[in-house]
Amino acid sequence: MRLDYVTIFPDFFAPLALSLPGKAAAKGLVAFGVHDLRSFTHDRHRTVDDTPYGGGAGMVMKPEPWGEAFDALLPADTHADADAGRPTVVFTTPSGEPFDQALAAELATREHLVFACGRYEGIDQRVIDHARERAEVREISLGDYVLNGGEVAALAITEAVVRLLPGFMGNAESLVEESHSAETGGLLEYPVYTKPPTWRGREVPEVLRSGDHGKVARWRHEQAVRRTAERRPDLLAPSVLDDGTPIVRAV
Ligand code: ADE
């Protein structure tokens with residue numbers, strides 16, 4: 001997979017060289033490219049923003065540097081009907097679709113992601129419309145809060161996506177049994193413990209030391225359901241059994 005980032009703050013992406021993403025790049029599993037949007041400007045001040053048409057506070061990112069960045073990063077020929085194999089341009093924006101594990105898994109199937117990191121009040125809408133003619137476009141929000149720009153969101157999305165790539169994680173099982181994975185029914189993860197058995201007067205739950213795998217599995221599921229109900233009731237959809245008995249089911 002190839003991942004490109006267009007930003008006015010290339011230094012934000014230094015962490016890509018660290019930890020697992022850095023190792024994955026060294027192994028050739030992924031390739032990262034970071035591009036300074038200002039390198040696609042031609043004026044003395046390397047201007048990337050201007051005042052909004054229609055008035056209002058703040059500045060809007062100008063379309064021209066983005067157009068040139070896409071010319072450099074996206075293939076020239078555009079087949080709107082052939083989404084398969086096209087690059088995916090991700091605009092990180094608080095007005096995008098919410099990012100979640102399912103979206104991470106979807107993006108992990110792509111060959112080429114281009115992150116367009118907006119700043120100020122956003123990017124001229126024509127940039128997004130134009131990108132749609134040359135690539136799959138996803139506008140993605142990290143959550144219902146406003147960051148100063150899309151860089152942190154692009155990094156978070158990258159980490160969630162890249163760790164799903166085959167061969168990326170040492171232990172594939174830890175991907176299966178984690179919060180939000182479809183395999184655990186979308187429940188939050190149960191509490192975990194390691195040695196020593198007693199620490200500062202606190203004991204590891206007896207059941208985890210019992211050696212009874214069935215009991216352990218039931219306890220973990222119970223804990224996951226309890227946690228999810230307490231912290232994220234929105235992840236539990238009420239439903240009914242065939243005979244009308246209400247049940248609570250993970251969605
Ligand atoms: N840029 C600013 N706020 C953002 C958010 N919540 N998600 C993604 N990109 C952003």
Can you confirm whether Tyr120 is within 16 Å of Val6 (Cβ to Cβ) and either surrounded by fewer than 16 Cβ atoms within 10 Å (Cβ to Cβ) or modelled with pLDDT under 95 (or both)? yes
Matching residues in region 1-28 - criterion: being aromatic (Phe, Trp, Tyr) and in a helix (DSSP H, G or I): Phe12, Phe13
Going residue by residue through region 159-173, is there one that turns out to be crowded, with 17+ Cβ neighbours inside 10 Å and within 16 Å of the ligand (Cβ to nearest atom)? yes
Which condition breaks for Tyr193 when tested against (1) of a type in the set (Phe, Trp, Tyr); (2) part of a loop (DSSP other than H, G, I, E, B); (3) crowded, with 18+ Cβ neighbours inside 10 Å? (3)
Quickly run through region 94-110 and pick out the residues that are more than 10 Å from the ligand (Cβ to nearest atom), part of a loop (DSSP other than H, G, I, E, B) and not hydroxyl-bearing (Ser, Thr, Tyr). Asp100, Ala108, Arg110
Residues that are surrounded by fewer than 19 Cβ atoms within 10 Å (Cβ to Cβ) and of a type outside the set (A, V, I, L, M), drawn from region 142-158: Gly143, Asp144, Tyr145, Asn148, Gly149
Confirm whether Pro15 is over 30 Å from Ser179 (Cα atoms) and either at pLDDT below 95 or not acidic (Asp, Glu) (or both). no
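The values are calculated or read from the model by the stated rules, or taken from the named source; none is laboratory data. Because the structure is a prediction, the values reported are computed rather than measured. Don't worry about glycine lacking a Cβ; one is built from the backbone with ideal geometry, like all the others, and counts go over all protein chains shown.
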